[in-house]
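This report concerns only the one structure given below.
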Amino acid sequence: MTCTVVIADDDPDIRSLISISVARAGLATVAAVADGIAALRAIRDHQPDLAILDIAMPEMTGIEVCRAVRADSSVGDVRIVLLSASVEESAVAVGIDAGADYFMAKPFSPRDLVVWLAVGKEER
């Protein structure tokens, strides 16, 4: 069974880079969206195994999406990776407190993301 992923980032180049990394890791992107509201809708509609969310998005931040997912019992077990240009410990702490499973700083290495995704799919 292929693990499914929702990608949310307002930068189309980053969305494309993440989509390529997801495919290289053997996972399937079911939605790639540009804002937080679309991300939450895609997570509820597709019920993916994993959501990769940028923190700084229009409409809703990745943190807000993460909190909304964790509060929704129908999708609350989705694994969540937050991406952020901020590497401050406080930003990481806020993301983890919101319920994220992993925090990745931008710019990130596509190779590292592929490795993380490939290992993570084995944990399911």
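For the list (1) in a helix (DSSP H, G or I); (2) over 12 Å from the mean Cα position of the chain (by Cα), I need the number of the one condition that Gly95 fails.
(2)
Looking only at the range 7-19, which residues are of a type in the set (Gly, Ala, Ser) and under 12 Å from the mean Cα position of the chain (by Cα)? Lay out the reasoning, then the answer.
Taking the range 7-19 and keeping what is of a type in the set (Gly, Ala, Ser), we get 8, 16, 19.
Result: Ala8, Ser19.
Would you point out the residue of the range 93-120, among those that are at pLDDT below 80 and either surrounded by fewer than 18 Cβ atoms within 10 Å (Cβ to Cβ) or of a type in the set (Asp, Glu) (or both), that is nearest to Thr4 (Cα to Cα)? Outline the logic, then answer.
Quick first cut of the range 93-120, residues at pLDDT below 80 only: 116, 118-120.
Imposing the further condition that a residue be either surrounded by fewer than 18 Cβ atoms within 10 Å (Cβ to Cβ) or of a type in the set (Asp, Glu) (or both) reduces the set to 116, 118-119.
Details: Trp116: 15, Ala118: 12, Val119: 14 Å.
That would be Ala118.
From the list Ile37, Ile63, Ile55, which residue is open to solvent by 20 Å² or more (accessible area, probe 1.4 Å), touching a Gly at 6+ places or on another chain (Cβ under 8 Å) and among the β-branched types (Val, Ile, Thr)?
The match here is Ile55.
Pick from Asp13, Asp72, Asp45, Asp49: which is of a type in the set (D, E, K, R) and buried (at least 16 other Cβ atoms within 10 Å of the Cβ)? Show your work before the answer.
On the way: Asp13 fails: buried (at least 16 other Cβ atoms within 10 Å of the Cβ); Asp72 fails: buried (at least 16 other Cβ atoms within 10 Å of the Cβ); Asp45 fails: buried (at least 16 other Cβ atoms within 10 Å of the Cβ).
Answer to the selection: Asp49.
Take the residues of the range 20-59 that are of a type in the set (S, T, N, Q) and at pLDDT 95 or above: which is nearest to the chain's Cα centre (by Cα)?
Thr29
Just need a number here: residues in the range 56-65 that are within 17 Å of Pro12 (Cβ to Cβ) and assigned to a loop (DSSP other than H, G, I, E, B). Walk me through how you get there before you give the answer.
Keep residues of the range 56-65 that are within 17 Å of Pro12 (Cβ to Cβ), which gives 56-59, 62.
In the following step, the residues that additionally are assigned to a loop (DSSP other than H, G, I, E, B) were identified as 56-59.
Final tally of qualifying residues: 4.
The values are calculated or read from the model by the stated rules, or taken from the named source; none is laboratory data. Small disclaimer: the values here were computed from a predicted structure and weren't measured. Cβ sites come from the backbone with ideal geometry, for glycine too, and all protein chains shown count toward neighbours. Remember, those area values only see protein heavy atoms, side chains included, never the ligands or the DNA or RNA. Shrake-Rupley method; radii C 1.70, N 1.55, O 1.52, S 1.80 Å.
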